[in-house]
Structures are given as structure tokens and as C-alpha cells.
Amino acid sequence: MKLSLLALALAGAAAFAQSREPLVDFEMMTAQEVKAAIDSGKTTAIVYNGGTEYRGPQNVNGGHTLIARETAHRIAEKLGNAIVAPTLAYSVNDQRDKMLPGTIGLTPELFAAINERIAEQLLAIGFKNVVLMGDHGGGQKELAEVATKLDAKYSPQGMRVVFCDQVYAGTKEHPGAQPTFEKWLADNGYPSGGHGAISDTSEMIYLGQDKGWVRMDKLPTAVGDPVGKRDPNTPRVHNGITGDARRASAELGKKFIDMKVDYAVREINELLASKPAGAAN
């Protein structure tokens, strides 16, 4: 009996140890813990920008930031050598709307300057690589430009600054996780959608679980303006949704998040293994 109890205790301890996330969150670490992590090989810093904006009557305004923070943790854990910097809660956005007062945005210039400063600070305290990415369409161009500028400046010193676009839109030649998932939805009979629709809402249901990120009682009526050109004779819904979120689910959210993590990890590894732009062959 004693042996059985001991075995159960050991099994429980092992399960608890496995359930604990690795220490990858910069703002939840002490300075000494960050230093120890860098010394042990965690020399890549992930700067995943979020955003604050209206996103339908069912989703909280901080969705981009909440999604970015949780997804960044999963990316860092899978990479195994990364730490997640604090998530910036604002993106390039100018959707000032008193009927939908959920958006707080930055100008492109300010957003770029903030990310440039954060990246340089991370390099100054000991990180060797900084990965910039964003969960919002506004700011993708600026992040790419900042990464190009800083990579040219710091790569001769053995440090890298790169932009991971595959976690979001990617390019026409190499579509990222978002258009790939939207295509999967269409191929499987789900309605097309954009802002605050099935993709966003599914992510938030999955990642937020019982935290209240999605007002589930609003989901049965979560339909907004149609995607694409609107019939001028049809009144606008104007509720923060483009498309239809009613079939959103945790299962779809998991599929999308897993895709974003896989796309990001693959691209980050490829970017950091490649030579900087303009480097001698």
C-alpha cells in the first residue's frame, strides 16, 4: 500500500511538473531570471504586437493583445530558445468612432519608433536576436521596415532583427497562417469573414476559455456587414463585425492557433539561419 501511495505521489508530481509552462514571459521574470535564461541560450526575444479596437458585440476590445500574448508564449515554448517581451497593446489604427468606442490606435510613425526602441533595448540588455511580429493588419509594413533597418545596423555585430510575417498575412507567393486558414474555412463550407468574424472569435474562445474574452450569449446573433462591396440599398449593421461569427468554436480556434505557431516557428528558424540582407556571400 505504501508503495502504491508513493507511486501515486510521484506520478502526481511528474504531472504537475509537466503542466507548468517554461519560464518564457519577460514581464513575469526577475532580472536575475532573465540573465540566467540568456546565459543558458535563450537569446531570442519575441516582440509580438497586439492592438486595441472594437471587434463586435461578442468580443472584448483587447482581443489582438490577448491573442498575441498567448500565441507568443506558445511560439517561444516551441522554439525553446526564446523569451516573450511585453505585448504592445496598441497598433497602427485610426478608427475613431463614437458609435463603437473600442479603438485606441497609434500613428505609423509612433508605432515604428516604439518598436525600434524596444528592439534596440532588448539587444542592449543581452539578447542576440529580436523577432518582430503583429496580430493586427495595421503595422505590418512598419514592422518590416524597422526589421530591415535594424538588421542592417546590427548584423555586422552578430545580432539580428527580423520580421515574421507568416504568423499573419505572409506574402502572395508565400501566404501566411491567416489567408491559409481562411481558405481552409471556405473549402470546408464556413462563411467568409473579416474583422471580428469566425477566425478572430474562434481564437478568443479557444485561448480565453472561461476568462470572458467572448460574450458567448452574443454569439448566436454575431453577424455584421458583408465581406466586400455592400449593397448601397441595404442598411449597414455597423456592429464591429465583417462577416459571420456564429459558427466560431474552440475547435476552430485551436486549429488556427496551432497553424500560427507552426508557421511562425518555421519562419523564425529560417530567418535566423539565413544571411542578413546585403551580407557578403
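The values are calculated or read from the model by the stated rules, or taken from the named source; none is laboratory data. As the structure is a computational prediction, the values presented were derived from the model and not from experiment. All Cβ positions, even for glycine, are placed from backbone atoms using ideal geometry, and neighbour counts span all protein chains on display.
Candidates are the residues of segment 98-140 that are among the small types (G, A, S) and assigned to a helix (DSSP H, G or I); the one that is surrounded by the fewest Cβ atoms within 10 Å (Cβ to Cβ) is A124. Scanning segment 82-97 for residues that are part of a loop (DSSP other than H, G, I, E, B) and farther than 24 Å from K255 by Cα yields a count of 11. Here is the figure for segment 77-135: residues that are hydrophobic (A, V, I, L, M, F, W, C) and farther than 20 Å from V261 by Cβ total 18. Comparison of G193, G189 shows that the only residue that is surrounded by fewer than 21 Cβ atoms within 10 Å (Cβ to Cβ) and either under 19 Å from V227 (Cβ atoms) or among the aromatic types (F, W, Y) (or both) is G189. Among the residues of segment 246-253, is any in a loop (DSSP other than H, G, I, E, B) and under 21 Å from the mean Cα position of the chain (by Cα)? For segment 246-253, residues in a loop (DSSP other than H, G, I, E, B) and under 21 Å from the mean Cα position of the chain (by Cα): present.
Starting from residues that are small (G, A, S) and surrounded by fewer than 20 Cβ atoms within 10 Å (Cβ to Cβ), keep the ones in segment 72-89 and report whichever is farthest from N49 (Cα to Cα). Once the filter is applied, the top-ranked residue is G80.
Flag not set for N61, criterion: under 24 Å from F127 (Cα atoms) and surrounded by fewer than 21 Cβ atoms within 10 Å (Cβ to Cβ). Quick check: anything in segment 56-66 in contact with a helix residue (DSSP H, G or I) (Cβ under 9 Å, 6 or more places away or on another chain), of a type in the set (A, V, I, L, M, F, W, C) and modelled with pLDDT under 95? Checked segment 56-66: no residue is in contact with a helix residue (DSSP H, G or I) (Cβ under 9 Å, 6 or more places away or on another chain), of a type in the set (A, V, I, L, M, F, W, C) and modelled with pLDDT under 95. Where the second residue is aliphatic (A, V, I, L, M) and surrounded by fewer than 19 Cβ atoms within 10 Å (Cβ to Cβ) and the first is over 13 Å from I46 (Cα atoms) and lies in segment 115-140, which pairs have Cβ atoms under 7 Å and are six or more apart or on separate chains? Pairs that qualify, where the first residue is over 13 Å from I46 (Cα atoms) and the partner is aliphatic (A, V, I, L, M) and surrounded by fewer than 19 Cβ atoms within 10 Å (Cβ to Cβ), are G126/I38; Q140/A169. Restricting segment 155-209 to residues that are assigned to a helix (DSSP H, G or I), of a type in the set (D, E) and free of Cβ contacts under 8 Å to residues at least 60 places away in the same chain, the residue that is farthest from R117 (Cα to Cα) is D187.
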